[in-house]
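A.B. asks: Have a look at this one.
The values are calculated or read from the model by the stated rules, or taken from the named source; none is laboratory data. All figures in this text were calculated on a predicted structure; none of them were measured in a lab. Glycine also receives a Cβ, built like all others from the backbone with ideal geometry; neighbour counts cover every protein chain displayed. Quick note on the areas: whole protein, heavy atoms, side chains included, nothing else; ligands and nucleic acids left out. Shrake-Rupley method; radii C 1.70, N 1.55, O 1.52, S 1.80 Å.
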Amino acid sequence: MNNFQTLCELLLTRVPRLHLWAASCFNESAPAGWQVEYLTRPLRSPPTVVREVEQDDRITRDSYVLPYRERGVPDHTDGPPVTRLYHRGQGHSGLLPVDCVTCGREVASFLHSLRVGVTGRSTTISTTLTSTSGGTTPPCLQWRDVLVLYWHDVTDQSGVVTGLQEAGIPVRVMQDDDIEDVVTARNDVVWVASGYRVRGLERKVIVCLDNRDYGLFTFPRLEHMSRCTSQLVIVSLKLVE
């Protein structure tokens, strides 16, 4: 953030009357003298997802991020229950869910249960759209509505990717030159990406893969789970006691 403040100062020396707007999730990042507004109403994600995100240590312990306040509008639904899968038991392999073919298959099974990619079938988490005839048509979930996130880099050889592929999921691992395709969802595929590559990007279905370095998502809640606008799936190392 010091680099950002330095950038702003240098810009103002070159363009003195520059009007500059910036956003950050951290509440003490604004350069000196800036007008600051705090936007803390959770309008993007359903309450089920908000309750997961707000457990991040940077909100509850460190106060780097301000806590959510009341939404201010009615919650017509609590949202789909968070689905929890666990990297344990027979058939699971590798240290982490990202290394495990069986975890990939279990994620695929859940996605199939949502009827993702099934033409002509609606799901309970789809948004009703107004058709050109004046009626309403519940759209199907598509593969492009799903994003699988991990904290570090993922490769085509990662076990979870293999498991998804074996289950018939059209999946691609994001590379640097894929960013435009991922943002626009041009191709109807499930993208698997490192969380730091897609900060700010949202999808209806977010699958979060646990990472031993962070326990049970102590930190990546803020980066990963907040990307979810409907159905959140968490693949953990073990059942929380």
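A.B. asks: Every residue in segment 148-170 that is β-branched (Val, Ile, Thr) and either in contact (Cβ under 8 Å) with a residue 60 or more places away in the chain or open to solvent by 20 Å² or more (accessible area, probe 1.4 Å) (or both), please. Spell out the reasoning first.
C.D. replies: Of all residues in segment 148-170, those β-branched (Val, Ile, Thr) come to 148, 154-155, 160-162, 169.
Once the filter is applied, which keeps residues that are β-branched (Val, Ile, Thr) and either in contact (Cβ under 8 Å) with a residue 60 or more places away in the chain or open to solvent by 20 Å² or more (accessible area, probe 1.4 Å) (or both), segment 148-170 yields Val148, Thr155, Val160, Thr162, Ile169.
A.B. asks: Would you mind listing the helices (runs of 4 or more DSSP H) fully within segment 138-241 where at least 2 residues are at pLDDT below 90? Full working, then the answer.
C.D. replies: Values: elements: 159-166, 179-184, 220-223.
Result: 220-223.
A.B. asks: Under 9 Å between Cβ atoms, which residue pairs at least 6 apart in sequence (or on different chains) link something in segment 31-50 that is more than 17 Å from Met225 (Cβ to Cβ) and among the hydrophobic types (A, V, I, L, M, F, W, C) with a partner that is assigned to a helix (DSSP H, G or I) and modelled with pLDDT under 95?
C.D. replies: Within 9 Å, the pairs are Ala32/Gln5; Trp34/Cys8.
A.B. asks: Of (1) under 18 Å from Trp151 (Cβ atoms); (2) in a loop (DSSP other than H, G, I, E, B), Gly104 satisfies all except one. Which?
C.D. replies: (2)
A.B. asks: One residue is enough: does segment 43-56 have a residue meeting the conditions open to solvent by less than 40 Å² (accessible area, probe 1.4 Å), modelled with pLDDT under 90 and more than 30 Å from Thr155 (Cα to Cα)?
C.D. replies: Looking for residues that are open to solvent by less than 40 Å² (accessible area, probe 1.4 Å), modelled with pLDDT under 90 and more than 30 Å from Thr155 (Cα to Cα), one finds none in segment 43-56, hence no.
A.B. asks: Can you tell me how many residues in segment 10-29 are over 25 Å from the mean Cα position of the chain (by Cα) and either surrounded by 11 or more Cβ atoms within 10 Å (Cβ to Cβ) or among the polar types (S, T, N, Q) (or both)?
C.D. replies: So the answer is 4.
A.B. asks: So, one more: When Thr60 is evaluated against the numbered criteria (1) open to solvent by 70 Å² or more (accessible area, probe 1.4 Å); (2) of a type in the set (Val, Ile, Thr); (3) within 22 Å of Val207 (Cα to Cα), which criterion, by number, is the only one it fails?
C.D. replies: Just one mismatch for Thr60, condition (3).
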